[in-house]
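To start, the structure under review is shown below, and the notes come after it.
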Amino acid sequence: MDDIFEFKKRVDESVAFLREHLPEGGDILIQLGTGLGGLADCLEDSFSIPYQDIPNFPRSTVTSHAGQLVGGVVAGKRVIILQGRFHYYEGYSAREVGFPIRVFSLLGYQKAIITNAAGGLNPDFKPGTIMIMRDHLNMLGDNPLRGPNIDEWGPRFPDLSQAYDLKLREVAAVAAQDLGLTDIREGVYVCIPGPSLETPAETRFLRSTGADGVGMSSVPETITGLHGGMKILGLSMVSNVNDPDNMQPILLEDILAAAQANESRLTSLVSKIIAKL
Ligand code: HPA
């Protein structure tokens with residue numbers, strides 16, 4: 001078992017460093033997904049801190065993810081963007097994947113907007129559909145809270161009956177309406193370990209579970225944030241739709257291209273949501 005008390009010490013050191021180096025008054029944390037880094041360019045009064053300069057912060061091993069934290073102001077509100085995330089498939093435990101969220105929950109951040117690129121399972125989805133996460137299925141086979149509980153961080157058995165905050169989901173829907181964004185739906189996200197993509201049989205199975213979208217991230221961050229008392233909004237950019245009876249290759253280039261082609265829609269949605277918070 002990895003040592004939770006060692007983990008706590010590492011988290012506390014990161015928290016102490018960031019408390020010194022971040023401006024006060026931030027409340028909203030944004031975790032950006034694959035190909036969705038653009039929001040960081042829209043910040044006023046911005047600054048960045050490479051992950052490697054933050055004591056104990058994990059390092060991203062995937063090139064499609066920059067590894068830095070970007071702070072600034074959107075719609076008059078101070079936010080922190082995590083540009084670059086950690087994945088279970090990189091070899092990190094679910095607990096380690098949640099490291100940044102844990103740090104920011106301890107810094108007093110109360111809301112997290114978590115984005116990702118996802119495969120569509122719902123046949124009504126298209127590349128470019130934005131899915132507001134209504135719920136999730138954790139198929140990682142790991143949980144960020146496994147092992148001894150740190151009671152000062154949160155409860156042993158956190159309730160997940162409303163993992164994705166209803167009010168935030170409503171704000172997102174209204175923001176989309178205000179922007180005239182169409183092709184936005186609520187759905188269930190299933191997190192698989194990866195890094196291999198799904199076979200047709202796995203796709204058929206995942207569809208049968210009631211999941212609408214599939215990806216390799218976000219769930220460890222959500223569980224960690226909920227444990228720390230944060231409210232979570234999850235937004236998936238559907239980059240490809242997988243049909244088990246006519247399975248097409250799922251290629252990283254295509255996922256990145258679709259995420260980038262639709263990034264400005266997601267960026268304007270997130271900005272509008274922040275304006276309404
Ligand atoms: N499967 C898993 N993860 C993904 C996919 C997919 O089809 N598309 C983007 N991320």
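The values are calculated or read from the model by the stated rules, or taken from the named source; none is laboratory data. Because the structure is predicted, anything quoted here is derived from the model rather than measured. In this analysis, Cβ positions are derived from the backbone assuming ideal geometry, glycine residues included, and neighbour counts consider all displayed protein chains. Side chains included, ligands, DNA and RNA excluded: accessible areas come from the protein's heavy atoms. Shrake-Rupley method; radii C 1.70, N 1.55, O 1.52, S 1.80 Å.
What percentage of the solvent-accessible surface of the chain, computed with a 1.4 Å probe over protein heavy atoms, is contributed by carbon and sulfur atoms? Intermediate results must be reported in sequence, preceding the final value.
On the way: 5850 of 11780 Å².
In the chain, the share of accessible area belonging to carbon and sulfur is 50 percent.
Could you state the number of Å between the C-alpha centres of region 205-273 and region 24-89? Measuring centre to centre over Cα atoms gives 18 Å.
For a straight C-alpha distance cut-off of 14 angstrom, the aspartates and glutamates reachable from K9 (same-chain residues fewer than eight places away being disregarded) are E96, E152. Positive contributions from Lys and Arg (+1) and negative ones from Asp and Glu (-1), summed over other residues with Cβ under 10 Å from the Cβ of Y164, come out at 0.
For a Förster distance of 41 Å, can you work out the FRET efficiency between the beta-carbons of E170 and K8, rounded to the nearest 0.05? Don't skip to the answer; put the middle values down first.
On the way: r = 35 Å, r/R0 = 0.86.
Efficiency at R0 = 41 Å is approximately 0.70.
Summary value for region 157-227: 41 percent relative contact order, contacts being C-alpha pairs under 8 angstrom separated by 6+ residues. Entry comment: accessible area of region 4-276 is 42 Å² per residue, from protein heavy atoms only and a probe of 1.4 Å. Its relative contact order, with pairs defined as Cα atoms under 8 Å and 6+ residues apart, puts the chain at 26 percent. Among beta bridges identified by DSSP and lying wholly in the chain, the antiparallel ones come to about 35 percent. When the surface is traced with a 1.4 Å probe over the full set of protein chains, K111 keeps roughly 60 Å² accessible.
In this structure the amide hydrogen of G234, modeled in the peptide plane, comes within under 5 Å of the amide hydrogens of I114, M133, none closer than 5 places in sequence on its chain.
Distant-in-sequence amide contacts of V190, defined by a placed amide H-H separation under 5 Å and a gap of 5 or more residues or a different chain, comprise L137, D212, G213, V214, G215. Taking amide H as placed 1.01 Å from N in the peptide plane, A117 has its amide H under 5 Å from the amide H of T34, M237, each at least 5 places away in sequence or on another chain.
Checking every one of the GluC sites (Glu not before Pro) in region 108-216 against DSSP loop status and a limit of 11 other Cβ atoms within 10 Å picks out E152. With θ taken as phi - 60° and the Karplus curve 6.51 cos²θ - 1.76 cosθ + 1.60 applied, the whole-hertz 3J(HN,Hα) list for region 102-108 is 4, 4, 6, 5, 6, 7, x Hz, x standing for glycine and proline.
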